[in-house]
Amino acid sequence: KNMVFSSITFLFYFLPIVLGIYYLVPNKLKNMVLLLSSMFFYFYGEPTYILIMVISIIFTYLFGLLIDKYKKYSKTFLILSICISTGILVYFKYANFIIQNINLWLTNKIDLIYVILPIGISFYTFQLISYTIDVYRGQAKVQKNILKLAMYVSLFPQLIAGPIVRYTTVEKQLENREYSFEKFALGVRRFIIGLGKKVLIANVLGELINIFLASNDKSILFYWMYGIANMLQIYFDFSGYSDMAIGLGKMFGFDFLENFNYPYIATSVTEFWRRWHISLSSWFRDYIYIPLGGNRVSKIKWLRNILIVWLLTGLWHGAAWNFIFWGIYFGILLIIEKLVLNKFLEKFPKILSRIYVLLIVLISFIIFSGESMGEIMQNLGGLVGITCKSIISQESIYYFKSYFIVFLIGIIGATPILKNICTKEKIKKAINVLEPIYLFLILVICTSYIIDGSFNPFLYFRF
């Protein structure tokens, strides 16, 4: 059983105990407390697979030293290091997918291997790779202390679902961090907001999605409700988790970079990806797209570079064809935008550009969430009435009324409307007084939801 941030074990046992010990010990022991508690956090969910993480860290540590010391052979060591990290990831995450696809062409089938995906492996592998590349490029000083490197990789706030924190972001903070009551309070506030996004919006919409998938009475309205619920659920689930990670980081004195910036107000797909899962898209940009030559190459190579990056982005999310199609879908759309559409989008009224982006993203997440190609085609067809008979059914009206408030909160919450209102001077004063009360209320409501044992999955665990 994994220790999710939105679980009673984490909220009321693990976190308070770790924070207590962390602030009681002298500064020079704080890193040790974090390392041990992060290892325990991971061990709690994956007792056997903690070894893989430890082995990956040791290899990366050694290769970092070799790259730093033997400049002449540094490229060879870098390639070896990347091959080992990627090899481990490919084995655990993609081996069976590869075998299944080879078996389609063979009469004598190859047996599948028994392997369980270690949680967070996609995230920590990317952190290890970026560390070795940064040391090789001279952008990061090599870390001579293996415990500090291990703490950076295993840091529990961001271990399981990101953001992908780069070594260069926290390099100085591994040595000394600033602590203040204000920073801690900001961290708590950010964590509770993230928890609210996850438990009160994402989980509730997740229930509706399950109801939809099990329903035999699907109407066009119901398909659209599913499409919108799916979009909002993925956003609040993942941005909520990033908020919790950033908040926890602050509680322990770290400053992680933002991972989401209101992606649903984007006016182009290009802008959407500057605002969505920022740590992932910037990782691919800096470590794959630019080394391939980025856009400073011939047009054909440039298009190739975009497609490679998006094929890999899709694959990173999971070992299944729908993720690959999802990645290629975005790759092709970005190419169309860069070659043709951007000129028109700039002249479009903002509202039309936004609707265009929202429709593209709605379709993309139906592909992303589909269990099979049949299901994906059916859910896309349902939006335009190809795969269903009615426009509205009794069932869809009932669920529309039941979930209307959650949709409304979700839609408002996915835009900066509230943030803009809250920054006005008069309202700011009132909020300073009321904020602790409403944060406390969110915490209480979330807790009662969790204790009640209501639906509490976590989408990004499988990455």
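The values are calculated or read from the model by the stated rules, or taken from the named source; none is laboratory data. Being a predicted model, the structure only gives us computed values, none of them experimental. All Cβ positions, glycine included, derive from the backbone under ideal geometry; neighbour counts span all protein chains shown. In case anyone asks, the SASA skips ligands and DNA or RNA and just uses the protein heavy atoms, side chains included. Shrake-Rupley method; radii C 1.70, N 1.55, O 1.52, S 1.80 Å.
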Margin query: For region 9-151, what does the accessible surface come to per residue with a 1.4 Å probe? Please give it in Å².
Written below: 54
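Over all directions, what mean area does the Cα convex hull of region 212-305 project, stated in square nanometres?
Values: hull surface 38.5 nm².
So the Cα hull casts an average projection of 9.6 nm².
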Next item on the list: Quick one: accessible surface of Phe12, probe radius 1.4 Å, all protein chains present, in square angstrom to the nearest 10.
Entry: 100
Margin query: Give the lysines whose C-alpha is closer than 16 Å to that of Lys389, dropping any in the same chain fewer than 8 places away, or say none.
Written below: Lys218
Notebook entry, point to check: How much of the accessible area of region 25-119, probe 1.4 Å, is carbon plus sulfur, in whole percent?
Noted result: 73
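As a check on your grasp of the helix formula, calculate [θ] at 222 nm for the chain: sum -39500 (n - 2.57) over DSSP H runs of n ≥ 4, divide by the residue count, round to the nearest 500. Show your work: numbers first, answer last.
Values: 21 runs with 317 residues, N = 463.
It comes out at -22500 deg cm²/dmol, rounded to the nearest 500.
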Margin query: Could you report region 346-416's accessible area per residue, 1.4 Å probe, as an integer in Å²?
Written below: 60
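Excluding ligands, DNA and RNA, what is the solvent-accessible area per residue of region 175-236 at a probe of 1.4 Å, expressed in Å²?
On the way: 2380 Å² over 62 residues.
Solvent-accessible surface per residue comes out at 38 Å².
Holding the Cα-Cα limit at 19 Å, pick out from Lys350/Lys426; Lys28/Lys69; Lys28/Lys172 the pairs that are longer than that. Working shown, then result.
Numbers: Lys350/Lys426 30 Å; Lys28/Lys69 28 Å; Lys28/Lys172 15 Å.
Too far apart for the 19 Å limit: Lys350/Lys426; Lys28/Lys69.
Among the listed pairs Lys72/Lys141; Lys71/Lys141; Lys75/Lys148, which have their C-alpha atoms separated by more than 19 angstrom in this model? Walk me through the numbers on the way to the answer.
Numbers: Lys72/Lys141 17 Å; Lys71/Lys141 14 Å; Lys75/Lys148 24 Å.
Going by Cα-Cα distance, Lys75/Lys148 fall outside the 19 Å limit.
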Notebook entry, point to check: With every protein chain in place, what's the accessible area of Cys422 (1.4 Å probe, Å², nearest 10)?
Noted result: 50
Next item on the list: Give me the net charge of Asp243's neighbourhood, meaning all other residues with Cβ under 9 Å from the Cβ of Asp243; Lys, Arg count +1, Asp, Glu -1.
Entry: +3
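Leaving ligands, DNA and RNA out of it, report the carbon-plus-sulfur percent of the accessible area of region 149-300 at a 1.4 Å probe.
On the way: 2860 of 4970 Å².
C and S atoms contribute 58 percent here.
Hey, what's the Kirkwood Rh for the chain if you take every pair of different alpha carbons, in angstrom? Provide the component values of the computation, followed by the final result.
Working: mean 1/r = 0.0418 Å⁻¹.
Hydrodynamic radius (Kirkwood, Cα only) of the chain equals 23.9 Å.
Which residues make up the longest stretch of the chain clear of GluC sites (Glu not before Pro) that lie in a DSSP loop with no more than 10 other Cβ atoms within 10 Å, not counting the sites? Walk me through the intermediate numbers first.
On the way: sites that count: Glu178, Glu371.
Formally, the longest exposed-site-free interval is 179-370.
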Checklist line | Sequence-distant aspartates and glutamates (8 or more away, or on other chains) whose Cα lies within less than 15 Å of Lys30 | finding: Glu175, Glu178
Item checked: Accessible heavy-atom area order of Val297, Val165, Val384, highest first, probe of 1.4 Å -> Val384, Val297, Val165
Next item on the list: Filter the DSSP H helices in the chain by two things, a Kyte-Doolittle mean of at least 1.6 and an axial alpha-carbon span of 20 angstrom or more, and list the hits by number.
Entry: 50-69, 321-336, 350-369
Notebook entry, point to check: To the nearest 20 debye, what is the magnitude of the charge dipole of region 84-180 about its Cα centre, counting +1 on the Cβ of each Lys and Arg and -1 on the Cβ of each Asp and Glu?
Noted result: 160
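What is the percent carbon and sulfur in the accessible area of region 336-399, measuring with a 1.4 Å probe over the protein chains and ignoring ligands?
Numbers: 2680 of 3900 Å².
Taking all protein chains in place, region 336-399 shows 69 percent carbon and sulfur surface.
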Next item on the list: Jot down the radius of gyration and Dmax of region 268-345, Cα atoms only, both in angstrom.
Entry: 12.1, 36
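According to the Cα gyration tensor, what semi-axes, each the square root of 5 times an eigenvalue, does the equivalent ellipsoid of region 48-149 have, listed from largest to smallest in whole Å?
Numbers: eigenvalues 201, 48, 18 Å².
Equivalent ellipsoid semi-axes, largest first: 32, 16, 10 Å.
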Notebook entry, point to check: One-quarter of the Cα convex hull surface for region 358-463, in nm²?
Noted result: 10.4
Notebook entry, point to check: With Cβ to Cβ distances under 12 Å as the rule, what net charge do the other residues near Gln378 carry (K, R +1; D, E -1)?
Noted result: -1
Checklist line | Between region 293-372 and region 205-265, the Cα center-to-center distance that results, in Å | finding: 20
Checklist line | Rounded Å value of the spacing that divides the Cα centres of region 69-112 and region 128-203 | finding: 27
